[in-house]
Each structure stands twice: as structure tokens, then as C-alpha cells.
1. List the pairs from LYS33/LYS60; LYS37/LYS140; LYS60/LYS123; LYS123/LYS146 whose alpha-carbon separation is above 29 Å, in the order I gave them.
2. According to the Kirkwood expression over distinct Cα-Cα pairs, how big is the hydrodynamic radius of the stretch 118-158, in Å?
3. What FRET efficiency, computed as 1/(1 + (r/R0)^6) with R0 = 25 Å and r the Cβ-Cβ distance, is obtained for ASN173 and ILE132, rounded to the nearest 0.05?
Amino acid sequence: MPFKPPEQAKCPKCGKSVYAAEERVAAGAKYHKFCFKCGMCNKMLDSTTVANHELDLYCKQCHGRKFGPKGYGFGGGAGALGMDKGERFGNKACEMDNKPKEVIGGGGGESSGTGPKCPRCGKTVYDAERAIGVTTPWHKSCFNCKACHKTLDSTTMAMHETEVYCKNCYGKNFGPSGYGFGQGAGTLSMG
């Protein structure tokens, strides 16, 4: 019986055979080294920068633009405004284009949306702009210390009535007072 070599894998991008010396693997499929690039910006990829969607390859940034959530704080890291959809790379449609539509004539500082209202500004809080980790809905941009305006999260905030403060300002304004309080490491001394 004659020896028959195994059939070579086909590159999903160009449809040609991929040989071991030139292969790059993503999502169980083998690609040519020069086919292993972002489908939007054409940046060459490697195993740490590749993101795939149904055998189409993207760099992580373009994948986020095309398929990730859209709205305030998404897609740009640490509190950035991420509304970039990658139009300059040819991205026409987004799967998750859920930006709330602006209502004309809302007037009076109040948003005419029907969702929950932010305790600080009184406007509607949409899911895309909501501060994460707190039960009361706040805008990410409003969720800061009332006294020093430091950005807060659920682990660094303290509530007083309906306002939020950083733990330092909360302690200064509403914590115990007297000699020895607030000096740290158990130094309570009443004199």
C-alpha cells in the first residue's frame, strides 16, 4: 500500500494549504504567517494580540470596536470615553450599538428618560454610563467625592445621607473627633 501524506490544513483567510513552517494558530484554525493580521487595520498579529470572531481575525482593539459594548467608559480603559467604532478601518456595522438616543427638549436639567435617576445630577442613568459595584445607580462621571472630587469605586467610597465621599474626606467631615482620633494604628488617646 503506497504512503499518502496527510492533507494539509487550509488557511481560512486565503484558502491555500498551510505548512508547519509558516503556520499561526488561532481558535483551532491554522493561518499563514502573512494572513495572520487584523481584518480591520491590517496590523500583523501574534498569540498575545489576536482576537477572533467566527474565524475572522482582529487585533484586540479593533475587535473591541467592532463587537464590544459601546458607551461611556467602554473600549478605552480606565474611565475613558469609548465611542470609536473603527469607521476609518471600514467597520460599517456594530453588533452592540446601544448608545442611548438623545432626547430633544429635555429641559430643566432633568433627563426625560424613563430609567433610574442619578442622585447627584438628577439625569437618567443608562447601563452604559452606570458606575459599577454600587446598588444606587450613579453616572460614572458623577461618582466622585463630593469634597475633593476624587474618582471613587465601591471599595473607596463612603455614603453620608445621599452623597458619596472618599474615605479620607468622610473621616474628616463625619468621623469621630477628639485628641488621638484618626492618627492610625490604634493610637486612640483621650488625654
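What follows is calculated from the coordinates using simple rules that are stated; it is not laboratory data. Note that the structure is predicted; figures quoted are calculated from it, not measured. A quick note on method: Cβ atoms are made from the backbone with ideal geometry, for glycine too, and the neighbour counts reach across all protein chains shown.
1. LYS37/LYS140; LYS60/LYS123
2. After inverting the pairwise mean of 1/r, the radius is 10.3 Å.
3. 0.45
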